[in-house]
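Comments concern the structure below.
Each value in this text was obtained by applying a stated rule to the coordinates, not by laboratory testing. Given the structure is predicted, the values throughout are model-derived calculations rather than measurements. Ideal geometry is used to build each Cβ from the backbone, glycine not excepted, and the neighbour counts take in all protein chains shown.
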Amino acid sequence: MRISPDLAGRVALVTGGSRGIGAAIAVMLAEGGADVAINYRSSTAEANAVAVAVRAAGRRALTVAADVSDTMAVTRMVDLIQAGLGPVDILVNNAGIGLVRGIDDLTEDDFDRTIAVNLKSVFLCTQAVLPHMRAQGWGRIVNISSGAARGAGGVGLHYNASKAGMEGMTRGYAARLVKEGITVNAVAPSLIETDMVKAGLGSSLSRIPLGRYGTPQEVAQVVLMLVGNAYMTGQTVALSGGMSFS
């Protein structure tokens, strides 16, 4: 039995794919054989660097700037990907923001923006790619959640709410698409060595029983596993270095 999936002929879209976890996922999907569309908001140089790495793996790459919390922008993005690479077979909803706020300084704008980018974007991107997946009877959707969906976290209650909502949406889509060859799962990392963690939660290293941060590549390995497993759906896989068990 093949351990890693053969993704030759598949087209993947990774939102927020210009750096950190998204960049690692994009490169690993390419190493598995997929052509990859790299979505980003403003980090053009970083997105282009990921595209170079995807092409170095022998696959086609396309960078697409789009605000994935905006309906029209998502529609244009998916149309551009279809024209440039083909219709999307694999969607990784990774785009997100982590505005560190306490209860007393959290504003309505902070809350709305977090829900739009972290949660609404999952709905918009999923709805945009579903017609093709349903028509071909095959699709893989992986949502990048967080340990904050079930724990206190260090960002704020708005972030908790956005990630808990993402996991609820994961189960909802999975239950409704299970007979159509489409799996929907989530990955919930905690304290992965990204810019977000190093900027806001770097002092939390002592909380991790394993004694180190996780790496973006370790998250990408789990995403690749979920893409390759046709029997697993509606699940959230936690990566916490031993901080929590489920």
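Put a dot 7 Å past the Cα of Arg134, heading toward its Cβ, do the same for Ala45, and the two dots end up 4.3 nm apart. Neighbour counts of other Cβ atoms within 10 Å put Ile103, Ile21, Ile192 in the fewest-to-most order Ile103, Ile192, Ile21.
Relative to the longest principal axis of the C-alpha atoms of the chain, give the angle of the C-alpha long axis of helix 44-56, reported between 0 and 90° and rounded to the nearest 10°. The helix 44-56 is inclined about 50 degrees to the chain.
At a Förster radius of 25 Å, what calculated FRET efficiency corresponds to the Cβ-Cβ distance of Asn229 and Arg113, to the nearest 0.05?
Numbers: r = 34 Å, r/R0 = 1.35.
After rounding, the FRET efficiency stands at 0.15.
Each residue in Asp112, Asp67, Asp89 was given a count of other beta-carbon atoms within 10 angstrom of its own, and listing them fewest first yields Asp112, Asp67, Asp89.
Expressed as an acute angle from 0 to 90° and rounded to the nearest 10, what is the orientation of the C-alpha long axis of helix 216-228 relative to the principal long axis of the chain? Between the helix axis and the principal axis of the chain, the angle is about 50 degrees. As a proxy for reagent exposure, ranking Ser206, Ser43, Ser190 by other Cβ atoms within 10 Å from fewest up yields Ser206, Ser43, Ser190.
Distances between every pair of Cα atoms in the range 1-101, grouped in 5 Å steps from 0 to the bin holding the largest one, split as 3, 15, 26, 26, 17, 8, 4, 2, 0, 0 percent. Our Cα-only numbers for the range 119-192 put the radius of gyration and Dmax at 13.3, 41 Å. Most fluctuating residue of Ala188, Ala230, Ala149 in a GNM of the chain with Cα springs under 10 Å: which is it? Maximum fluctuation in the GNM of the chain, among the listed residues, is at Ala230. Springs between Cα atoms under 10 Å define the GNM used for the chain, and in it the highest mean-square fluctuation of Leu124, Leu177, Leu106 occurs at Leu106. Computed from backbone phi with θ = phi - 60° and the Karplus coefficients 6.51, -1.76 and 1.60, the 3J(HN,Hα) list for the range 95-109 is 4, x, 10, x, 7, 6, 9, x, 4, 7, 10, 6, 9, 4, 5 Hz; x is used for glycine and proline.
In order along the range 21-36, the phi-based Karplus estimate (6.51 cos²θ - 1.76 cosθ + 1.60, θ = phi - 60°) of 3J(HN,Hα) comes to 4, x, 5, 4, 5, 4, 5, 5, 5, 5, 5, x, x, 7, 7, 10 Hz; Gly and Pro are listed as x.
On the beta carbon distance between Arg176 and Arg212, with R0 = 45 Å, the FRET formula returns roughly 0.70. Other residues with beta-carbon under 14 Å from the beta-carbon of Ile182 carry, at +1 per Lys or Arg and -1 per Asp or Glu, a net charge of +4. For the residues Ala128, Ala83, Ala61, a GNM of the chain with alpha-carbon springs under 10 Å puts the largest fluctuation on Ala83. Taking only Cα atoms, what is the 0 to 90° angle, nearest 10, from helix 71-84's long axis to the longest principal axis of the chain? Compared with the principal axis, the helix lies near 40 degrees. Kirkwood radius and radius of gyration were both taken over the C-alpha atoms of the range 73-209, and their ratio Rg/Rh is 1.02. The range 19-82 and the range 149-181 have Cα centres lying 23 Å from one another. For Thr63, the residues whose amide H sits under 5 Å from its own are Ile38, ignoring neighbours fewer than 5 places away on the same chain, with H placed 1.01 Å from N.
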